[in-house]
Amino acid sequence: MDLKAYLSQRREMVDAALERLLPAEEAGGTILEAMRYSLFAGGKRLRPILCLAGAEAVGGSAETVMFCACALEMVHTYSLVHDDLPAMDDDDFRRGVPTSHMVYGDGMAVLAGDGLLTQAMILLSDPQQTAGLEPRRVLEAGQVVMKAAGYLGMVGGQAVDLASENLQPDLATVQYMHAMKTGALITASVQSGAILAGGTPEQVTQLVRYGRRIGLAFQIADDLLDLEGDFDALGKKVGADQARGKMTYPAVVGAAQARSMGQDMVDHAAAIADEMGPQAAPLAELARYIMARTH
């Protein structure tokens, strides 16, 4: 399959849905403007695309789970807005444009992140968006996404990240931190799509295994790009992890072994997707893309 064309088409679908679900309104004031600024600042839309592909892998349709895909992108964007704050990673650029706090100030950036997270929760439980779906599956998918976003997932991983700065790197801490910080929401993306689309417990379990592997591989690739990438490709400064004493895969095992670990993860993930048949081909190709990406 043509992965580039697939990603482009799906990204356009997600962007159109986000525009529909969080439209510009004069009454929304500066806070809505700030929310939309970060939400539409670009990005790969990987998590929503994984949600759509997860639904299709179990025989469902992308349109049916679009509300969940958009909620996932809102959760992800909120995490980036907060991650860029001076109290966290203190980044001035994200996706090639000034970060939210550089444009709107720290306080408004905090509120913009809060607004995006809350809007995601609204979407996941919106009767209009979930009409026709099994209520049990809607509830289960919502729980999966919010748990992955909370202290047992992304927020918890970020807390470990902060607490681990300038400590002696060790592999167990890095694996635990990134499984939560990055892997949890990526896994929830493909898992929630499959749940909403009527996937069997066996299919959902397979996709959870897939998601955990690409989640870790994605973070390994990010760590390597921060070490070896450039601003023009990444849209943000490089070398920040090392400067802040971050605990990363290359810091623990070296760049070469980190790349080998990441490649093993995506190879296993692609094999899992291949086992699910032709309808999961996008997931297999997405896995293979992760370690080859340049941004």
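Structure notes:
- Residue check for residue 31: modelled with pLDDT of 95 or more, part of a helix (DSSP H, G or I), of a type in the set (A, V, I, L, M) and in contact with a Gly (Cβ under 8 Å, 6 or more places away or on another chain): yes
- Checking the range 132-139 against the condition returns a match, with at least one residue being among the hydrophobic types (A, V, I, L, M, F, W, C), in a loop (DSSP other than H, G, I, E, B) and more than 21 Å from the chain's Cα centre (by Cα).
- For the range 36-52, the count of residues that are basic (Lys, Arg) and either farther than 22 Å from residue 290 by Cα or part of a helix (DSSP H, G or I) (or both) is at least one.
- The listed residues are 207, 196, and the only one of them that is in contact with a Cys (Cβ under 7 Å, 6 or more places away or on another chain) and over 21 Å from residue 82 (Cα atoms) turns out to be 196.
- Which numbered condition residue 101 misses (of (1) under 18 Å from the mean Cα position of the chain (by Cα); (2) crowded, with 22+ Cβ neighbours inside 10 Å): (1)
- Filter result (over 20 Å from residue 64 (Cβ atoms) and more than 17 Å from the chain's Cα centre (by Cα)) within the range 177-205: 202, 205
- The number of residues in the range 228-254 being more than 21 Å from the chain's Cα centre (by Cα), modelled with pLDDT under 70 and surrounded by 13 or more Cβ atoms within 10 Å (Cβ to Cβ) comes to 0.
- In the range 164-214, of all residues being outside any helix (DSSP H, G or I) and of a type in the set (Gly, Ala, Ser), the one that is nearest to residue 272 (Cα to Cα) corresponds to 199.
- Here 94, 137 are screened, and the one residue that is touching a helix residue (DSSP H, G or I) at 6+ places or on another chain (Cβ under 9 Å), crowded, with 16+ Cβ neighbours inside 10 Å, closer than 21 Å to residue 210 by Cα and among the basic types (Lys, Arg) is 137.
Conditions (1) modelled with pLDDT of 95 or more; (2) at negative phi; (3) under 14 Å from the mean Cα position of the chain (by Cα); (4) part of a helix (DSSP H, G or I), marked per residue:
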position: 71; (1), (2), (3), (4): yes, yes, yes, yes
position: 87; (1), (2), (3), (4): no, yes, no, no
position: 113; (1), (2), (3), (4): yes, yes, no, yes
position: 121; (1), (2), (3), (4): yes, yes, no, yes
position: 162; (1), (2), (3), (4): no, yes, no, yes
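- Residue match in the range 195-204 (condition: acidic (Asp, Glu), surrounded by fewer than 22 Cβ atoms within 10 Å (Cβ to Cβ) and under 17 Å from residue 248 (Cβ atoms)): no
- Pairs where the first residue, in the range 16-27, is of a type outside the set (Gly, Ala, Ser) and the second is not in a helix (DSSP H, G or I), C-beta under 8 Å, 6+ apart: 18/40; 19/40
- Verdict on residue 181 being within 30 Å of residue 254 (Cβ to Cβ) and among the basic types (Lys, Arg): yes
The values are calculated or read from the model by the stated rules, or taken from the named source; none is laboratory data. As the structure is a prediction and not an experimental result, all values here were calculated from the model. Backbone-built Cβ (ideal geometry, glycine too); neighbour counts: all protein chains shown.
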